[in-house]
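The values are calculated or read from the model by the stated rules, or taken from the named source; none is laboratory data. Remember, it's a predicted structure, so these values are computed and weren't measured experimentally. Here the Cβ is made from the backbone with ideal geometry for all residues, glycine too, and neighbour counts use every protein chain on show. Heads up: the accessible areas ignore ligands, DNA and RNA and are worked out on the full protein's heavy atoms, side chains in. Shrake-Rupley method; radii C 1.70, N 1.55, O 1.52, S 1.80 Å.
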Amino acid sequence: MKLLTKKTVVAAVMAGLAVTSLAGCNRGGTAAPGGQASGSAGGGVSGKRACIILPDAASSSRWENGDRPQLEKAFTAQGVVTDIQNAQNDTSKYATIAQQQLTKGCAIMLLVDLNQAGVQVAQKAKAQGVPVIAYDRPIAGTDYYISFDNFHVGELEGQMIVDGLKAAGKDAATAKVVYVGGDPTDGNAKQFHDGADKVMAAAGIKPAFSTPGTWDVTKARTYFEQAYTALQGKIDAVWVANDFSAASVISVLDKNGKKVPVSGQDASPPGLQNILLGKQVATVYKPFQLEAQATVDLALKLLKGEKPTAPAKAADGTPFFPQTPIVVTADNMKKVFDDGNAKVSDVCTKEVAPLCKKAGIQ
């Protein structure tokens, strides 16, 4: 079910994303065991602990290279102590990290879910009176959820495929489109799929083959090879949920000398390269700074004892602060670099270098 009405994609949304001044006074306060903050009256946040769990370092480079430093910088600027740890795609490690953090004391928890491991952690935290924010991925039972409008992300991806087929002169109603979705245990994956399917179905597209959902790039490649074999290579387009899986799909297409419209998201180095090379239609750009800043702003209010009203609700009723995604093509790709969310040295290599120059990326 769509959470919000469809928004206009605005390329200028990143203006002023540098860490801005955040509300809150910097008076004393420490986090007591169990998460109950103590300190001076008046809602001070200085010295309180924000416990943050990231899911892995493989599914996306954003967690360690983007979210971690951004969250740490913004919280530290307000005197809030951060305990940021990465579960490295291990649900047992996720639970262990959470237990250690809660034992030491958290004034607030920010959780990026990993295969639903965040559900039990949220329950334990709330039982100790610690407010919990689900960050980027939905987690049942949290106090708030901050992410991009992921159904709309899917819609944008679906439109990439519809537009790509049209540009290739293919009839959407008869085109053979393969669906390569994300891990079904990730609540966002269903939203990506449903948003994309809504747009593609409206254009007459029916999936010719749907691979098992995964964020594992090796598995994504294997599953797509199976789809390619099953369809005897008769594929007109591939809806793919993210850039890294798209790169796996494109490697199979390359091996077979085939080029068809492929979607993606995250504005990752391989995604940006494949767009410039004409192997991927576009990518959905989700500036992590938007999520990080909105989360820090919300967390500071909660640390001061406030109870903000969210502008929307997630499917399970959790108060939701949605952020707006952006479609990136070769024409507006320079913005990703200007925002500091891509490095020329990572993207503009070998045969991609002259294409970067053509796009104004140097």
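Using the Cα gyration tensor of region 138-228, with a ≥ b ≥ c the square roots of its eigenvalues, what is the shape: rounded (a/c below 1.5), prolate (a/b larger than b/c) or oblate (neither)?
It comes out oblate by the Cα gyration axes.
Roughly how many Å² is the accessible area per residue of region 251-350, as a whole number, for a 1.4 Å probe? Present the calculation step by step, with values, prior to reporting the outcome.
Details: 3970 Å² over 100 residues.
Value for region 251-350: 40 Å² per residue.
What's the carbon and sulfur percent of region 136-229's accessible surface, probe 1.4 angstrom, rounded to a whole number?
C and S atoms contribute 54 percent here.
With charges only on Cβ, +1 for K and R and -1 for D and E, what is the dipole size of the chain about its Cα centre, in debye, rounded to 20?
200 debye
For region 201-231 and region 108-147, compute the distance between their C-alpha centroids and round to whole Å.
Measuring centre to centre over Cα atoms gives 31 Å.
Taking the alpha-carbon distance from Lys176 and a cut-off under 17 Å, which lysines remain once sequence neighbours fewer than 8 residues away in the same chain are dropped?
Lys166, Lys198, Lys206, Lys234, Lys258, Lys259
What fraction of the DSSP beta bridges in the chain is antiparallel, stated in percent and rounded to the nearest 5?
Given both bridge residues lie in the chain, the antiparallel proportion sits at roughly 20 percent.
Do you know the relative contact order of the chain, to the nearest whole percent, from alpha carbon pairs under 8 angstrom that are 6+ apart?
Working: 762 pairs, mean separation 62.7, N = 362.
Relative contact order for the chain comes out at 17 percent.
Go ahead and estimate [θ] at 222 nm for the chain from helices alone: -39,500 (n - 2.57) per DSSP H run with n ≥ 4, summed, over the residue count, rounded to 500. If you can, show how the numbers build up before the last one.
Working: 12 runs with 134 residues, N = 362.
Only helices count here, giving -11500 deg cm²/dmol.
Can you compute the modelled spin-label distance between Gln116 and Ser61, with each label point 7 Å from Cα toward Cβ, in nm?
Those two pseudo-labels are separated by 3.3 nm.
How would region 182-240 be classified by its alpha-carbon gyration tensor: rounded, prolate or oblate, with rounded meaning a/c under 1.5 and the a/b versus b/c comparison settling the rest? Before the final figure, lay out each step's value.
Numbers: a/c = 2.84, a/b = 1.06, b/c = 2.69.
Since a/c reaches 1.5 but b/c is at least a/b, the shape of region 182-240 is classed as oblate.
Could you check which residue among Leu156, Leu277, Leu303 shows the biggest mean-square fluctuation in a GNM of the chain with a 10 Å Cα cutoff?
Result for the chain, Cα springs under 10 Å: Leu277 fluctuates most.
Rounded, prolate or oblate: which fits region 65-150, taking a ≥ b ≥ c as square roots of the Cα gyration tensor eigenvalues, rounded meaning a/c under 1.5, else prolate when a/b beats b/c?
Because its axes are fairly even, with a/c under 1.5, region 65-150 counts as rounded.
Return one whole number: the accessible area per residue of region 102-149 in Å², for a 1.4 Å probe.
I get 30 Å² per residue for this part.
Rounded to a whole number of µm²/s, how large is the Stokes-Einstein D of the chain at 37 °C and 0.692 mPa s, given Rh as the Kirkwood radius over C-alpha pairs?
Once the numbers are plugged in, D ends up at 155 µm²/s.
Once Lys and Arg get +1 and Asp and Glu get -1 on their Cβ, which of Val260, Asn341, Gln273 lies farthest toward the positive end of the dipole of region 249-362?
Val260
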